[in-house]
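Asks: Pasting a structure here, questions to come.
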Protein chains: 2
Amino acid sequence: MDALAELRAALGPDACLTGGALEGVAHRSDASTTGRDLPLALLRPASVSEISKALEICHRHGQPVVPQGGMTGLAGGANCRPGDVALSLTRFQGVEEIDPVAGAMVVRAGTVLETAQNAARDAGFLLPIDLGARGSCQIGGNIATNAGGLRVIRHGTVRENLLGLEAVQADGTVLSHLSRMRKDNTGYDLRHLLAGSEGTLAVITRAVLRLRPLPSGIETAVCALENYDAVLALMNGARGQVTLSAFEVMWADFFELCGGRRLFAHTPPFAVIIETEGGGLEPLLEKAIEEGTILDALIAQSHAEARRFWEVREGALPEAHVNDIVNFDISLPTAGMDDYVQGCRANISAALPHARSFFFGHIGDGNLHIMVEVPGFADADVHDVDRIAYDLVREAGGTISAEHGIGTLKRDWLGHSRSPAELAAMRAIKRALDPAGILNPDKVL
Amino acid sequence: MDALAELRAALGPDACLTGGALEGVAHRSDASTTGRDLPLALLRPASVSEISKALEICHRHGQPVVPQGGMTGLAGGANCRPGDVALSLTRFQGVEEIDPVAGAMVVRAGTVLETAQNAARDAGFLLPIDLGARGSCQIGGNIATNAGGLRVIRHGTVRENLLGLEAVQADGTVLSHLSRMRKDNTGYDLRHLLAGSEGTLAVITRAVLRLRPLPSGIETAVCALENYDAVLALMNGARGQVTLSAFEVMWADFFELCGGRRLFAHTPPFAVIIETEGGGLEPLLEKAIEEGTILDALIAQSHAEARRFWEVREGALPEAHVNDIVNFDISLPTAGMDDYVQGCRANISAALPHARSFFFGHIGDGNLHIMVEVPGFADADVHDVDRIAYDLVREAGGTISAEHGIGTLKRDWLGHSRSPAELAAMRAIKRALDPAGILNPDKVL
């Protein structure tokens, strides 16, 4: 039998879709919109043993497999090439247990992030992972990309909230270490190796995630600021005085695009959403207004009003439609971030006069996002924009991916952040754990 | 030339000690006192290029190399077998830079932890890594073992404070990623793979460590408690009301051994050292006394008095000499820890009536330490005690090493915490990064 026939026999026809059955079910692309091809088949196993069986068959046949979660990634990491088989975890979902004593949740990889967040909240805990795609991204993808998001400043990236992990290796071997211990120095940390490896080393199936106490006294404000020095002054002042749970900065271009004028009559040069736990926001902002650090501030009077602020930051209601977007997700030294923005904007305008750039980010974590509209989306133009952005990142001592990962779209630029020796070590690890090279080929490396 | 002659030629005679020159300079054992042999040679390179050259020579000759830091480990991880060459990082030491804007320190691996702590404090920052061996342990060893210690409850283990890393691979290749970024998703996380790998995958040479603001309003108390339920009640109460920076529990056997009667007239069943930041300790303890949670408490009135409390916990001034110690460092679900202690103590007494056990630990992190005096230190007796302790750990769903690592002493028990599939994956990674198997052979795996 060939690989597809074996897969169909092992999983059943409902869990191995091919041909016409793929239309409307399988994805051509993640949220980067750069994928072009449907997979050869879409596998939808519903248990770890089915996932293991599917991988064992693919491994034996040398059949490439692309693990897929909620398809919300922006780096092309879950897109298929012609002939690839997609492995969706969507049918292996659900929160299996919440352990209130350990402060931990056992969750299946196919669970939608928001479902897991709600289960934690219903049990009186905070799942400290949150990002704009919460309604469709999946826990497995969050871990495979070491997702960042909106709570990193307070609780770290996904790996910092990952206690235990189960994954299936390329040959079907199940690696299970669903530890709930905070401290565990028993050999190499496979958990941290798999987190952020973007499905190239194993398929993540279950995780134990750390829960935190539900925060109390959440306060949210949006502030208008005159310049980037004021942004830094506000952040540094806040760090000494309050417990920051978010500090999100929008340059005027982004704020205007995403409906900022529903908040302030005139678009300020910078807008900051600041969220605190345990009180203290109002005195902080009063002092900042007195000292001239901020021009204006709105403190949310209700949860609904706070959501209105966040809708702007998350781009939920854009003022205009933007097409042909190239996304960037870079880390930079915080102090030099506005210099980077000005240089990047100027260089892009000089190279591509019709391109438009929008800047925003998790500045408290040193993480800047850029959306660049490249009309026509020609490969050469995209490459030019990439080169401008990444050359400046390298000059500034930053990294080409803070939280989105490498996928295919940043693969050619990985050498801007990692040395040939590091890339060789990564390739050696890849060969050791996936000798047939079937797991998400051509991604990352 | 043979390996030694090449090493001597490359490093110079002062950096390649052999024969009689080893006496009084080279170590037979780390702090576990289980090592018996001097190395064939002690290498003391003073730069990354010398470290690289030394490893390249050893790799070419298949010469085993044991990386050594401050020799304060308790798992035998830095001990040499006959014929091994020891590679000490002691001459590659010093804090290279403190970056106040990024909140980061660049430090060489041979730097003594306390030296790095002091440099951070002089610059107005906290280096959030601290353990009893601070005066002699080295940063490289702290990272190679992913050390825990006294601040984990507040700031996590070493890996959670590790931003960037430089290391030399077995063949001399330098892997350098001295990033200061908090978020960095650029390929596999080699930093987390090397942290905790105990010198078996590469020799750590430099690190970028995260600094935190100097804590203010530190308060320290030692409390006497009647039973373990009271310990849990105090901890849970404290978590809701104050910022805990340490929560250390001593069972009566340990407290008495380490001079606890200098603090309380009668040895209580449990003693807890509690340290808080930002105030609130006194009302917390008053309430706990009113509610009957604690029997008595002493709040330190000075830094010197707080040090006196800590001297008990760190065993600086023991009441009696204890010989032939077997050390344990395990993680357990916090709620079941006293059940474990009672079972372990009873089983050890039944098997070895002359053995004495002393229990203490970082309970807030689920980490228990045990010192067992095994008179005579016979291999069979040590093995019996190991089996008793580790069988109970497996039953309780804990791990056999929380922070000390595996080394040689826990290697035979690693299967109690990790599956055959996980061990096979670790071996595959070891072969991929050290194909000749020269780095710290027979350790961990």
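The values are calculated or read from the model by the stated rules, or taken from the named source; none is laboratory data. From a predicted model like this one, the values you see are computed outputs, not experimental measurements. Reconstructed Cβ throughout: ideal geometry from the backbone, glycine too, with neighbour counts over all protein chains shown.
Asks: Identify all residues within the range A:373-399 that are without any contact (Cβ under 8 Å) to a residue 40 or more places away in the chain and more than 12 Å from residue A:410 (Cα to Cα); write none if there are none.
Replies: Within the range A:373-399, A:378, A:379, A:380, A:381, A:384, A:391, A:394, A:395 qualify.
Asks: Hey, among the residues in the range B:315-345 that are of a type in the set (A, V, I, L, M, F, W, C) and within 20 Å of residue B:231 (Cβ to Cβ), which one's surrounded by the fewest Cβ atoms within 10 Å (Cβ to Cβ)?
Replies: Ranking the qualifying residues of the range B:315-345, first place goes to B:335.
Asks: Has the range A:350-370 got at least one residue that is away from chain B (no Cβ under 14 Å), of a type in the set (A, V, I, L, M, F, W, C) and in a helix (DSSP H, G or I)?
Replies: For the range A:350-370, residues away from chain B (no Cβ under 14 Å), of a type in the set (A, V, I, L, M, F, W, C) and in a helix (DSSP H, G or I): present.
Asks: Can you tell which of B:136, B:179, B:197 is within 30 Å of residue B:54 (Cα to Cα) and at pLDDT below 95?
Replies: Numbers: B:136 fails: at pLDDT below 95; B:197 fails: at pLDDT below 95.
Checking each option against the conditions leaves just B:179.
Asks: For the range B:75-85, state whether one or more residues are surrounded by 21 or more Cβ atoms within 10 Å (Cβ to Cβ) and part of a strand (DSSP E or B).
Replies: Yes, the conditions are met somewhere in the range B:75-85.
Asks: Farther than 22 Å from residue A:78 by Cβ, more than 20 Å from the chain's Cα centre (by Cα) and crowded, with 22+ Cβ neighbours inside 10 Å: is that true of residue A:389 in this structure?
Replies: no
Asks: Considering only residues that are in a loop (DSSP other than H, G, I, E, B), closer than 23 Å to residue A:206 by Cα and touching a Ser or Thr at 6+ places or on another chain (Cβ under 6 Å), which ones fall in the range A:5-55?
Replies: Hit for the range A:5-55 is A:44, nothing else.
Asks: Another question about this same structure. Determine, yes or no, whether residue B:401 is over 29 Å from residue B:71 (Cβ atoms) and either among the hydroxyl-bearing types (Ser, Thr, Tyr) or facing chain A (nearest Cβ under 9 Å) (or both).
Replies: For residue B:401, the condition - over 29 Å from residue B:71 (Cβ atoms) and either among the hydroxyl-bearing types (Ser, Thr, Tyr) or facing chain A (nearest Cβ under 9 Å) (or both) - is not met.
Asks: For the range A:404-417, how many residues meet the condition of being aliphatic (A, V, I, L, M) and more than 8 Å from chain B (Cβ to nearest Cβ)?
Replies: 1
Asks: Which condition number in (1) among the polar types (S, T, N, Q); (2) closer than 24 Å to residue B:403 by Cα; (3) touching a strand residue (DSSP E or B) at 6+ places or on another chain (Cβ under 9 Å) is the one that residue B:63 fails?
Replies: (2)
Asks: For the range B:418-441, how many residues are touching a residue at least 24 places away in the same chain (Cβ under 8 Å) and at the interface with chain A (Cβ under 7 Å from one of its Cβ atoms)?
Replies: 2
Asks: Next question, about the same structure. Can we say residue B:118 is more than 14 Å from every other protein chain (Cβ to nearest Cβ) and either at pLDDT 95 or above or in contact with a Gly (Cβ under 6 Å, 6 or more places away or on another chain) (or both)?
Replies: Numbers: more than 14 Å from every other protein chain (Cβ to nearest Cβ): yes; either at pLDDT 95 or above or in contact with a Gly (Cβ under 6 Å, 6 or more places away or on another chain) (or both): yes.
So residue B:118 passes the test.
Asks: Just checking, how many residues over the range A:395-422 are modelled with pLDDT of 95 or more, farther than 22 Å from residue A:32 by Cβ and under 22 Å from the mean Cα position of the chain (by Cα)?
Replies: Residues meeting the conditions: 0.
Asks: Is one or more of the residues making up the range B:120-143 of a type outside the set (A, V, I, L, M), farther than 23 Å from residue B:329 by Cβ and surrounded by 18 or more Cβ atoms within 10 Å (Cβ to Cβ)?
Replies: yes
Asks: Being in a helix (DSSP H, G or I) and buried (at least 22 other Cβ atoms within 10 Å of the Cβ) is the filter here, so list the residues in the range B:231-247 that pass it. Step through it out loud before you land on a result.
Replies: Residues of the range B:231-247 in a helix (DSSP H, G or I): B:231-241.
If the condition is that a residue be in a helix (DSSP H, G or I) and buried (at least 22 other Cβ atoms within 10 Å of the Cβ), then B:231, B:234 are the ones that fit.
Asks: Have a look at A:372, A:382 and point out the one that is of a type in the set (Val, Ile, Thr) and out of contact with any Phe, Trp or Tyr (no Cβ under 8 Å at 6 or more places or on another chain). Full working, then the answer.
Replies: On the way: A:372 fails: out of contact with any Phe, Trp or Tyr (no Cβ under 8 Å at 6 or more places or on another chain).
Just a single option satisfies the conditions, and that option is A:382.
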